Amino acid sequence: GVDIGTYDGLSIVPSTTVTFREAYGIMLDKILTRYSTSRVFVCTLPYCDRNADDNAFPELNQDSLPLPKYNEAIRELADAFGVDIRELWKCGITFHNRKKYLTDELHPLQTGMDLITRKVVNTLKNS
């Protein structure tokens, strides 16, 4: 439910945060500063469903923003900070199969974690 914000990753890193983009930028800056010789990976968010209506699509947060907008922000900030990205959005969890993979339509069951793990391991092997 946090506002997505406008921080682009190219301007000065904010010192305080009230938006998703600011928080993500601060996080990336701290990781890259602390682990300056490491290769850093970030992941997009896998599908989740927090609508009250089981048939509501697409998933919108309290600000009426769909999850892909947050993934777009993650991709843009990863690019701006020069870090590698792994697409968990494409791990196999979808609107149609979400009940099989998510315990509360947000947190993965073991089957959901298996999908996520396979996606991450396969993309790391290929990088």
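Roughly how tilted is helix 20-34, in degrees to the nearest 10 and between 0 and 90, from the longest Cα axis of the chain?
That works out to roughly 60 degrees.
Report the local net charge at Tyr7: Lys and Arg +1, Asp and Glu -1, summed over other residues whose C-beta lies under 15 Å from its C-beta.
Value of the local net charge: -3.
What accessible area per residue, rounded to a whole number of Å², is obtained for the chain using a probe radius of 1.4 Å?
That works out to 62 Å² per residue.
Using a 7 Å offset from the Cα along the Cα-to-Cβ direction at both Arg39 and Glu105, what is the distance between the two label points in nm, to one decimal?
The answer from the label model is 3.9 nm.
Rg and Dmax of the chain over Cα atoms: what are they, in angstrom?
Rg and Dmax of the chain, Cα atoms, are 15.6, 46 Å.
Which entries of Lys30/Lys90; Lys90/Lys119; Lys69/Lys100 have Cα-Cα distances beyond 19 Å here?
Beyond 19 Å between Cα atoms: Lys30/Lys90; Lys69/Lys100.
Return one number: the angle in degrees, 0 to 90 and rounded to the nearest 10, between the long axis of the Cα atoms of helix 67-81 and the longest principal axis of the Cα atoms of the chain.
Around 20 degrees separate the two axes.
Highest mean first, what order results for 120-127, 19-26 on Cβ atoms within 10 Å?
Highest mean packing first, the order is 19-26, 120-127.
The values are calculated or read from the model by the stated rules, or taken from the named source; none is laboratory data. Keep in mind the model is a prediction, meaning the values are calculated, not measured. Cβ sites come from the backbone with ideal geometry, for glycine too, and all protein chains shown count toward neighbours. These area figures cover heavy atoms from the full protein model, side chains too; ligands, DNA and RNA do not enter into them. Shrake-Rupley method; radii C 1.70, N 1.55, O 1.52, S 1.80 Å.
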